[in-house]
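No lab work stands behind these numbers, since they all come straight from the coordinates. Here the structure is a predicted model, which is why all the values come from computation and not from measurement. Backbone-built Cβ (ideal geometry, glycine too); neighbour counts: all protein chains shown.
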Amino acid sequence: MKLLLAALGSDIKPSGKNKWMAKCKVHNDKDFAMSVKLNHDNSIVANCFACGANGLDLYKVLNLDLDELFGKKESGSIPSHIERQLSDDKWFCAVYESDIKKGIRPQYSDQKKYKVSKARIKGIQDKFNII
C-alpha cells in the first residue's frame, strides 16, 4: 500500500478504515471516482466507478510493483495465503510420497495434483528464496 499511496500523493484520500477514494490515473480523472481497499491479506482491490478500471490497470499505469497489489507483505516476508498454500502442498506431497513407499498406488488425479504441488513448492521457494 505504501507504493500506491506514494504514487498517488494528494490524489487519494481516506474514506474509512483501510479504504480510500482516489483520482483515477487510468483515465486521468479530476474527481475521486476510484475506490481503493486494503484487504486483511494485504492485497489491494481498486475499482473506478467512472471508467471501470481495476487495481491491475492502476498499478500498470503507475508502473508499480505488482507484488504489492497481490498481497506481498511490505516487510518482505511471505504473504499468509502463500504460506498456507506452501504448507498444504508440502503436506500433500509428504502423504503422497509416504503412500508410494508403502506400495499404495495413487489415483490419477492425485498423481496430477502431486506434480502441480511439487511445481508450486519450487516456484514459491524460488520467488521467496526459501531453502
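Based on the Cβ-Cβ distance of residue 112 and residue 56, what FRET efficiency does E = 1/(1 + (r/R0)^6) give at R0 = 22 Å, to the nearest 0.05?
0.15
Would you please state the base-10 log of I(q)/I(0) at q = 0.18, 0.20, 0.21, 0.32 1/Å for region 80-127, with intensities from the Debye formula using one equal scatterer on every alpha carbon?
The calculated log intensity ratios at q = 0.18, 0.20, 0.21, 0.32 Å⁻¹ are -0.54, -0.64, -0.70, -1.17.
Could you list 68, 83 in order of exposure, starting from the residue whose Cβ has the fewest other Cβ atoms within 10 Å?
Going from least to most buried by this count: 83, 68.
For the pairs 60/118; 37/90; 23/60; 37/127; 102/122, note any where the Cα-Cα span goes beyond 22 Å.
From the list (60/118; 37/90; 23/60; 37/127; 102/122), the Cα-Cα distance tops 22 Å for 60/118; 37/90; 37/127; 102/122.
In whole percent, what relative contact order does region 68-131 give with Cα contacts below 8 Å and a gap of six or more residues?
34
Based solely on its DSSP helices, what 222 nm [θ] is calculated for the chain when runs of n ≥ 4 H residues each add -39,500 (n - 2.57) and the sum is averaged over all residues, nearest 500 deg cm²/dmol?
Rounded to the nearest 500, it is -14500 deg cm²/dmol.
Rank the residues 82, 130 as a footprinting-exposure proxy: fewest other Cβ atoms within 10 Å of their Cβ go first.
Fewest to most other Cβ atoms nearby, the residues stand as 130, 82.
Considering just Cα atoms, how many Å³ per residue does the convex hull of region 2-69 enclose?
74
If each residue's Cβ is checked for other Cβ atoms within 10 Å, how do 88, 110, 57 rank with the fewest at the top?
88, 110, 57
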